[in-house]
Structures are given as C-alpha cells and as structure tokens.
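The structure appears below as structure tokens.
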Amino acid sequence: MLVVYTKGKDGTLEELHRTEVVQNSLNPKWIHKLNITYQFEVVQTLVFFVYDVDTQYQNLGVKMLKLDEQQYLGEATCVLSEIVTQSDRSLILDLVYREESTSSSLPRLCGKLTVHAEECVSSKTTMEIILRCSDLEHKDLFSRIDPFLVISKFVESKGSIPVCKTEVIKNDSNPTWKPIFLNMQQVGSKDSPLIIECFNFNSNGKHELIGKVRKTLVELEKLSFSGEGDSLFLLPSAGHDYHNKALKSQLFVDKFSESVQQTFLDYLAGGYEMNFMVAVDFTASNGNPRLRDSLHFIDPSGRPNSYQQAIIEVGEVLQFYDSDKRFPAWGFGARPIDGPVSHCFNLNGSSHYCEVEGTQGILMAYTSALHNVSLAGPTLFGPVINNAALIASQSLANGARKYFVLLIITDGVVTDLQETKDALVKASDLPLSILIVGVGGADFKEMEVLDADKGERLESSTERVASRDIVQFVPFRDVQGVSMVQALLAEIPHQFLTYVRSRDVQPNSRSSYQTA
C-alpha cells in the first residue's frame, strides 16, 4: 500500500491519500488515483510512504489500517512541479529506507517509484464571462466615475489574491466590460467562492471601492440564465450596523459560456520553460549595508533580510520550471569598484556573463556584490528591463520555447517613470513577465501605476499602448511569506497564456500520455 502526504513549510506531514492494497507483488501498480489541485504559485511537496500490509489486516478498509502495525518498506519525496514539467508527466523516484534508530546512518535504496500525473478534463474548462453593472453610485457628486472590476479567490491563509481584472471604463455608471476568461486552475472549482469588487479608478493609485459581491461560478452561471442582477454591497463602517449595506448598484452576467482550451500544463508538457531573472536595487537609500538598520544588512544569525527573503521565496517556486537552473542576475543603482554608477551590472562581478547557478548562486552573488560596490543612485528600472527584454527577444528569434520572469526588488520609487513605461510597453510583445517587490517603508503608490491591474494599460511616450499586462507589484510590508509569493506569482500562468494565445502558439505536445 502507498500513502501520500503533503509536506508543509514547517516540515509537518498531512495525509492526502491511501491506495488500495496490491497483494503479493514486488512490482505493484496502484489504480486508485489521488486528485490534487495544482497551484503554480506554491511549492507543493509530496511524500510517498510504501508499506507491506500483513495478511491478517487485508480484509480491513485501507482507512482503518494503523500504519505503525504495518511493515515500512521505504519512502520518496518530490515536488508536484517536478512531475508536471516532465514531457510525459511521469517521474521516477528512488525509494529509500530510513533507519529510525540511528539518524546518522545513510538511508539505503530499496526500489523505484514511478509517479504519473494527468490533468483532469474539468481543469481544462475555461469560462468566458461578460459582466455589466448598473446604477453605480458616486461617492462625490461632482466627480466622474471610471469603474473597473477585480476578481479574487480565497487562499488557505484566510486572505484573498486577485486572479483577474477588467479594463477601466471611463465616465460610465452603467459599464459593460470586455469578456474575461477564468479557468479552473485559477479559481479551484465552480463551487469556490470568488469576490468581485468594483472600484472607481484614481490616477494616484488610491482607488475607491464602490461595492462588492461574493459569488461562485455556479451562482454567476445562474445569474446569466435568469437575466437578473445581484446587488453590490459595502461592509459597514466601524461602530455602525453589523449588516452589510446593500446598494442600488447591481452586477449582471450578460454571458457565461464554457469551452475546453489548452492549459498552462499542456504548454509545460510540450516543452515550454519558465526562465527566472533577478535585479536587485543597490541605491544609497537602502542604508549602509554594515549597519543593522540597512535593508541590505546581512544578519550574522542567518536571518534573511527582505532582499534575500524575496529571492529565496520566488526562486524556490520558479526554479522547477527552468531545466538548467542558470539565472541571469543584475544589480542597479551602484558604483562598481573604480567605475561610474551603473544601472545594470552583473551581480556575479563578471564583465562577460550575467548567469549564476541556482537560487543559492543568486544569494552568493548578492552578498559578494555588497562588498564590491558603493551604493549610489538614482533608481532607474529602464536599463534592467531593456536587458531582460533583449534576452527574451533573442530567445524568441531563436525559436526557443521559453518564457521569462524578471524579479525586481527595490526600496524606492522609480525615478525614470516614463522611460520605464516605454520599456514595459515595448516588452509587452515579448515572452516576459515582470514581478516588482517593494521593500522598506517608502510610499510605493506611484509604483502601482506600472501594474496595469490597478487601472489602465500602460502607454508609452509615443502613445503606444501595452499589448498586455506584464507587471505584478507587491509591497513586501503588506504581505509576508507565502502570501507575498502567491500574490506575486498567481497571475503568471494567465499572463503566459495571454501571450501564447494572442500569437496562436500551440503546446506542440511531443508525447501521448500514459494511463496513471
């Protein structure tokens, strides 16, 4: 019998599934499948334990079996991302036997375990939805209303993360937005609750909440069939009535249709890779790295600073999607030894190449750079974005099946805002997404302008509009740990699919899937 666990960040195991007992076999093939929700933005560690079930227990249901009464044969561990990135979605793991008595003794190999994953047909289902609102209420009678919607899902940490946003419609209290597309990988299931929030766009980033509704996809489908609307509501102010305040504003579903489309996992199986890149802010506003109050201070106790934490947590998710694990890494806003201020220098100190080996290589290059550069300024993003775009452009020209994700970690508001917008608009045509993490206590409201989620599509100085949203911005102080990574990475599969679908790129799957 095989028992499957998921392993938490703290090392705790939670049992997910037990297979049937295969009798009298040294080469068992288990038939019982385990359904698990794949989450791109989370490292999902799976642990497999194999047991020999004694004959006297074989009439009992597997759930009734006490594992300490069975003979332990060995175990194996992997991450779900490692399975789904294989071309045939099969992974062969070594089964190892760990001796409990002596922790120092090396585990011995005791067989192989093949794990195979198949994507459920239901998760390939994509919903096309057209949403409309009526009678949106003005907070200020003398100002116009520029509404947009944000759709979020709930996550285990009891918070919510955005999965989809509409465009901003200017000066319209009865807006109908362009169709939005949601798939099961984004929302979980048709019964998972979603929060739909309607905001009034404000160019300073402080968007006003007009109202919200909480609905599942099943309930949105019912609204579509009935043609009826549902009232938006607002949470009561502190000290007021406990009930939500229903508004006269209503949400309508003008269209709800389902279709089966190629998914993110189809492209991974077809050989697409995600390539991780990092750019670190070395401007003087971070403070002297030798002093404890600096954002770049390296704690002797080993506790990571915000820069290290962002690199570790984003890197540990993305590393599984990059086969050679060689990551371009840059710094900006500093003066390398005996040189002028550079707004894009190789973090490893080389003048010839920018790549480092793995997440650990980024961390080592970062620590080394702190000793070899003088912090300066100003904060310019343009050169780093243009460098990342050049790599993505060359890869595209060579026909490589790669999509690039650039992580920029910064402590300050960008100084070259228009140049940055120009670089982002140009990069929006390339296989590239950009994650920006704001660390420290600066006011990052201006940065939200770069994240088109918060409002309108970016426009260049030549009035060219970005072909798609490629930026995700998160202030580090607002969300910590796993939720920060989830908030940052949740939109990457959607941004990837927007890119490949707009160019009619097919997954080009090279192998037929086996049966689990």
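Antiparallel beta bridges, as assigned by DSSP with both residues in the chain, represent about 75 percent of the total such bridges. Let a ≥ b ≥ c be the square roots of the eigenvalues of the Cα gyration tensor of segment 397-436; is it rounded (a/c under 1.5), or, if not, prolate (a/b larger than b/c) or oblate? Verdict is oblate for segment 397-436. Sorting the segments 7-15, 227-235, 410-418, 66-74 by their mean number of nearby beta carbons within 10 angstrom, highest to lowest, gives 410-418, 227-235, 66-74, 7-15.
Among Leu217, Pro179, Ser203, pick out the residue whose Cα is farthest towards the positive end of the charge dipole of segment 176-234, where Lys and Arg carry +1 and Asp and Glu carry -1 on C-beta, about the Cα centre. Result: Ser203. In a DSSP loop and with at most 15 other Cβ atoms within 10 Å, the trypsin sites (Lys or Arg not before Pro) in segment 216-313 are Arg290, Arg292. With one equal scatterer per alpha carbon and no solvent term, the Debye-computed log10 I(q)/I(0) for segment 183-335 at 0.09, 0.10, 0.16, 0.17 1/Å reads -0.63, -0.74, -1.02, -1.04. The alpha carbons of the chain give a radius of gyration and a Dmax of 25.4, 80 Å, in that order. How big, in percent, is the set of alpha carbon pairs in segment 145-229 lying more than 20 Å apart? Above the 20 Å cut-off, segment 145-229 has 37 percent of its Cα pairs.
For segment 298-439, the Kirkwood hydrodynamic radius comes to 15.9 Å, computed from all pairs of different C-alpha atoms. Loop-resident chymotrypsin sites (Phe, Trp or Tyr not before Pro) (DSSP state other than H, G, I, E or B) in segment 328-389 with no more than 10 further Cβ atoms inside 10 Å of their Cβ: Tyr353. For the residue pairs Lys9/Lys421; Lys178/Lys426; Lys124/Lys325; Lys170/Lys222; Lys9/Lys325, the alpha carbons lie more than 32 Å apart in Lys9/Lys421.
In the chain, the DSSP-assigned H stretches of four residues or longer account for a calculated mean residue ellipticity at 222 nm of -5500 deg cm²/dmol, using -39500 (n - 2.57) per stretch and the full residue count as denominator. The value of relative contact order for the chain, using C-alpha pairs under 8 Å at least six residues apart, is 13 percent.
Sorting the segments 313-325, 120-132 by their mean number of nearby beta carbons within 10 angstrom, highest to lowest, gives 313-325, 120-132. Taking all protein chains into account, the per residue accessible area for the chain stands at 48 Å² (1.4 Å probe). Taking 51 Å as R0, compute the FRET efficiency from the Cβ-Cβ separation of His32 and Ser467 and round it to 0.05. After rounding, the FRET efficiency stands at 0.65. For segment 1-85, place one equal point scatterer on every Cα, skip the solvent, and apply the Debye formula. What is log10 of I(q)/I(0) at q = 0.17, 0.20, 0.22, 0.26 Å⁻¹? Once normalised to I(0) and log-transformed, intensities are -0.75, -0.98, -1.13, -1.42. When the solvent-accessible area of segment 300-364 is split by element, carbon and sulfur atoms take up 52 percent of it, the probe being 1.4 Å. For segment 317-329, backbone phi angles converted through the Karplus equation (6.51, -1.76, 1.60; θ = phi - 60°) give residue-by-residue couplings of 7, 6, 4, 6, 9, 10, 5, 8, 6, 9, 10, x, 9 Hz, Gly and Pro being listed as x. Applied to segment 187-194, the Karplus parametrisation 6.51 cos²θ - 1.76 cosθ + 1.60 on θ = phi - 60° returns per-residue 3J(HN,Hα) values of 9, x, 7, 5, 9, 6, x, 10 Hz, with x for Gly and Pro. Modelled spin labels at Ser87 and Arg108, positioned 7 Å past Cα toward Cβ, are 3.7 nm from each other.
Extension gain, Thr176 to Lys63, is 35.6 nm, computed as 0.36 nm per intervening residue step minus the present C-alpha separation.
The values are calculated or read from the model by the stated rules, or taken from the named source; none is laboratory data. Keep in mind the model is a prediction, meaning the values are calculated, not measured. Here the Cβ is made from the backbone with ideal geometry for all residues, glycine too, and neighbour counts use every protein chain on show. These area figures cover heavy atoms from the full protein model, side chains too; ligands, DNA and RNA do not enter into them. Shrake-Rupley method; radii C 1.70, N 1.55, O 1.52, S 1.80 Å.
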